[in-house]
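Working notes, beginning with the structure itself.
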Amino acid sequence: MKRTLALVLSIVLALAMVFSLAACGETADTAKTPENPVIRMSTTTSVNDSGLLPYLLPVFEAETGYTVEVQSAGTGAAIQKAVDGNADLILVHAKASEEEFIAGGYGVERLSFMYNYFVIVGPQGDPAGIADCANAAEAFAKIAESGSSFISRGDDSGTHKAELKIWGDNAPNPETDTWYVSAGQGMGACLTMASEQNAYCLTDKATFLAMENKGDLAILLAEGDDMKNTYSVIACNPETLDGLNTEGAQALIDWLLGEEASKLIAEYGVEEYGEPLFYLIED
Amino acid sequence: MDKFAEAFGYLFSLDRELVQIIGVTLKMSFFSTLISCLLGFPMGAAIAAKKFKGRRTAKRILSTLTGLPPVVAGLIVYMLFTRYGPFGSLNVLFTVKAMVIAQVILITPIVASLSSAVIEGNCRTIRETAIGMGLDGKKTFALYLTENRTALFSVLLTAFGRSIAEVGAVSIVGGNIQWKTRVMTTAIMLETNKGNFSFALALGIILLIIALIINIGASLISGEEPCDD
């Protein structure tokens, strides 16, 4: 008994050593590594969880020899990390917060380069009857009127800010309006909750399409003048923040705005979902 | 620093939402601890003192389960109570009940494991005493627990600490819903995700203060004395 245990342990130990050695080897042989090869990117969950960055960045990394470390969180946290000096650039989608970031001296320039649409998803039966609404504000009014459940991100994220903007002065009170659920969680968790509770939810289209288990949820309202979702990239300001990889951040921004990335972005999702998940901003 | 002031300002002005969150936290931790101990103490005593088939296996399983990741406990409860799951019709998901169930799954093995270690230490002596006193099986079993009450009380406090500090399971099955299932830990997580790092830290300190008050209260009740007196 003891002997077998010792044998199993030593095999496990040996395997662990082999794997850690292999991992070391991988990082060792990048041929044309730039001087400062690590770029720290702070971004929102929607561009990362939808698979866009995992799809784009390996191409950039292979071409330039940079390594991009992506930290994804809600827009609030994504920006705060950059303010704290823990990122070289940000890729987010909340105009007001972005402008505040630049006004505070933390960012250089806001470069909006792609957009998509928020969609309202809900139970297929559409109890509030929002499918024919002209825009999201009208749909929200109908949801409120019918008292159907609505899941709000409630986490200060870009999507949450967009939702609050659509509610405007009619924002429900999560304490007294029990149909309005302020979940304080990420997009995926909120969509799961909406599917569990037959509730409506405002989401970016990419995350919804990429969701595995949609249950009864369907996209009920897809386009409206108030549902555009613009993504921007901002390099952090080396005059305010220390220890930045400004050169790397600029290389990544140039690449993202360049022809090759544009082509890749426009193609992303077409094969899998029959439509692109992100559109380019033509200037 | 002003964020710290803000957080404590909330606490001392008895901000309604913060008070409600603390209330939910205490309610959840109270029931999680109570149920885990009601299940875990007898389990621990049985494993320490009773002779039965598969005792060693049971012991192994329990000590393995003490390493159960909270997220997995959360997932198990989620799968059980999801709308199309076996108990979906009970409408328990995203309520405090679901959070307590997940925590009981998580904490009972810890209580059972720790209490069996405690009782193993003196169960022989206790059994001899019980035989001497002519007690029956049930009373002897009760004696294992009552004779170890001080040590078991600290097991209970460990269970409480685990419960009040836990975030992985409760955020999955509770959903962190404002005014309903939001507890201190999920509120801290939310503030962290918002980028309000110092406010989140202040909430963490408030949580620790609550734990401290409860521990002080507990030590007053148990009246523990050093043996070197």
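The values are calculated or read from the model by the stated rules, or taken from the named source; none is laboratory data. Computed from a predicted model, the values in this text were never measured in an experiment. Every residue, glycine as well, gets a Cβ built from its backbone with ideal geometry; the counts of neighbours run over all protein chains shown. Calculation scope for accessible area: heavy atoms of the full protein, side chains included, ligands and nucleic acids excluded. Shrake-Rupley method; radii C 1.70, N 1.55, O 1.52, S 1.80 Å.
Brief remarks follow.
- Helices (runs of 4 or more DSSP H) (entirely within region A:184-265) containing at least 2 residues that are aliphatic (A, V, I, L, M), open to solvent by 10 Å² or more (accessible area, probe 1.4 Å) and in the same structural domain as A:GLY85 (by TED's automatic domain parsing): A:246-257
- Of all residues in region A:182-227, those being under 17 Å from A:PRO127 (Cβ atoms), of a type in the set (D, E, K, R) and more than 14 Å from every other protein chain (Cβ to nearest Cβ) number 0.
Per-residue answers, yes or no, for (1) open to solvent by 30 Å² or more (accessible area, probe 1.4 Å); (2) assigned to a helix (DSSP H, G or I); (3) among the small types (Gly, Ala, Ser):
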{"position": "B:ALA130", "(1), (2), (3)": "no, yes, yes"}
{"position": "B:SER171", "(1), (2), (3)": "no, yes, yes"}
{"position": "B:GLN178", "(1), (2), (3)": "yes, no, no"}
{"position": "B:ILE188", "(1), (2), (3)": "yes, yes, no"}
{"position": "B:ASN215", "(1), (2), (3)": "yes, yes, no"}
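- Scanning region A:102-155 for residues that are part of a helix (DSSP H, G or I) and of a type in the set (Lys, Arg) yields a single hit, A:LYS142.
- For region B:43-92, the set of residues classified as touching an Asp or Glu at 6+ places or on another chain (Cβ under 6 Å) and within 16 Å of A:MET193 (Cβ to Cβ) consists of B:ARG83 only.
- Taken over region A:235-261, the residue count meeting the criterion of being free of Cβ contacts under 8 Å to residues at least 40 places away in the same chain and in contact with a helix residue (DSSP H, G or I) (Cβ under 9 Å, 6 or more places away or on another chain) is 1.
- Long-range neighbours under 8 Å by Cβ, at least six apart or interchain, first residue within 7 Å of chain B (Cβ to nearest Cβ) and closer than 16 Å to A:ALA103 by Cβ within region A:64-84, second part of a helix (DSSP H, G or I) and open to solvent by less than 20 Å² (accessible area, probe 1.4 Å): A:ILE79/A:SER97; A:ILE79/A:GLU98; A:ILE79/A:PHE101
- Checking each residue in region B:85-110 for being within 14 Å of chain A (Cβ to nearest Cβ) and not in a helix (DSSP H, G or I) picks out B:GLY85, B:PHE87, B:ASN91, B:VAL92, B:LEU93, B:PHE94, B:THR95.
- Counted residues, region B:154-179 - those being within 13 Å of chain A (Cβ to nearest Cβ) and under 18 Å from B:VAL77 (Cα atoms): 10
- Consider region A:120-176 and keep the residues that are surrounded by fewer than 17 Cβ atoms within 10 Å (Cβ to Cβ) and aliphatic (A, V, I, L, M). The one that is nearest to the chain's Cα centre (by Cα) is A:LEU164.
- Being among the small types (Gly, Ala, Ser), part of a strand (DSSP E or B) and outside the structural domain of A:GLY186 (by TED's automatic domain parsing) holds for only one residue in A:SER42, A:SER46, A:SER97, and it is A:SER42.
- Count - residues of region A:90-110 that are more than 14 Å from chain B (Cβ to nearest Cβ) and open to solvent by 10 Å² or more (accessible area, probe 1.4 Å): 10
- Residue list for region B:85-94, restricted to those being open to solvent by 30 Å² or more (accessible area, probe 1.4 Å) and not aliphatic (A, V, I, L, M): B:PRO86, B:PHE87, B:SER89, B:ASN91
- Unique match (being polar (S, T, N, Q), open to solvent by 80 Å² or more (accessible area, probe 1.4 Å) and closer than 20 Å to B:LEU106 by Cα) among B:THR33, B:THR64: B:THR64
- For A:ALA87: the one exception among (1) over 19 Å from A:ALA206 (Cα atoms); (2) in contact (Cβ under 8 Å) with a residue 60 or more places away in the chain; (3) more than 18 Å from the chain's Cα centre (by Cα); (4) within 14 Å of another protein chain (Cβ to nearest Cβ): (3)
- Once region B:67-84 is narrowed to residues that are buried (at least 16 other Cβ atoms within 10 Å of the Cβ) and assigned to a loop (DSSP other than H, G, I, E, B), the residue that is farthest from the other protein chains (Cβ to nearest Cβ) is B:LEU68.
- Pair list, Cβ < 6 Å and 6+ apart or interchain, from region B:144-167 residues that are in a loop (DSSP other than H, G, I, E, B) to residues that are open to solvent by 10 Å² or more (accessible area, probe 1.4 Å): B:ASN148/B:VAL118; B:GLU166/B:PRO70; B:VAL167/B:THR185; B:VAL167/B:MET189
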